[in-house]
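Computed from the coordinates by the stated procedures, all read-outs in this text should not be read as laboratory data. Since the structure is predicted, the reported quantities are computational estimates derived from the model, not experimental observations. No Cβ is skipped: glycine too gets one built from the backbone with ideal geometry, and neighbour counts run over all protein chains shown.
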Ligand code: GLN
């Protein structure tokens, strides 16, 4: 696996992102989420460490401030599902302790109990989320717009989805948002994704974070408030991001 990338200066706050299987789970520009997290931290003078973890790589608890796992084809999910089992205990311990996680589509599915593909093959997940996924016949593809209360009440989040998996949440679980346009978890419930403690699963590719700076900042804030009790994220001049978001919303 490639070496970790360090962007650090002694004495400054540091954000450590553990990027899970970047070589296997990275479709529809999901790597853009890492770029958005890194850049919006660096713009605030926060140092960033990005640690890629793939097949056979070692990991310990307490290293990640944020876990990221992108989406992937069924073939990549097959390979990753086996290897991910050996990291289950580490990731579960961290998430239960409030570590932030963002998982997209295939990555989201593998953080649930299982993903049953078109041929009926069940890929075991690591049960971070009380959810399971069953591949349907119809692919759910297109722009998607959801409303979430996770960041500010009623925030609109935009993205792009392309999945056959239909995800069903456990009865006490909270969706990440309500579908205003598109499919989300499945065509019937108008719910999108899941949030459990500070871990989010979502079908929104896009990539998601460059389109939704408020969500990027929410993830960074949650991650660093655990590490630095007095942490406050300074505002950025988001005029360009807001203009882009408005334009993108008008196209839905
Ligand atoms: N293979 C999974 C599905 O089709 C996930 C695809 C993805 O990550 N975009 O549902």
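Assorted remarks:
- Once both labels are positioned 7 Å from their Cα atoms along Cα-to-Cβ, the gap between residue 180 and residue 252 label points is 0.5 nm.
- Remark: relative contact order (the chain) = 19 percent; criterion is Cα-Cα distance under 8 angstrom and separation of 6 or more residues.
- Each helix, a run of at least 4 DSSP H residues, gives -39500 (n - 2.57); summed and divided by the residues of the chain, these come to -8000 deg cm²/dmol at 222 nm.
- All-pairs Cα distance distribution in segment 1-130, expressed in whole percent, bin size 5 Å: 2, 11, 21, 23, 20, 12, 6, 3, 1, 0, 0
- Kirkwood radius for segment 123-197, taken over all pairs of different Cα atoms as the inverse mean of 1/r, rounds to 12.7 Å.
- DSSP assigns beta bridges within the chain; of those with both partners inside it, close to 60 percent run antiparallel.
- Long-range Cα-Cα pairs in the chain (distance over 34 Å), rounded percent: 11
- Largest to smallest principal axis extent of the C-alpha atoms in segment 82-142, angstrom: 37, 25, 18
- The coefficient of translational diffusion for segment 167-230, derived via Stokes-Einstein from the alpha carbon Kirkwood radius under 37 °C and 0.692 mPa s, stands at 252 µm²/s.
- Overall Cα dimensions of segment 121-252, principal axis frame, Å, largest first: 46, 37, 23
- Segment 53-76 and segment 135-153: distance between their alpha carbon centers, rounded to Å: 23
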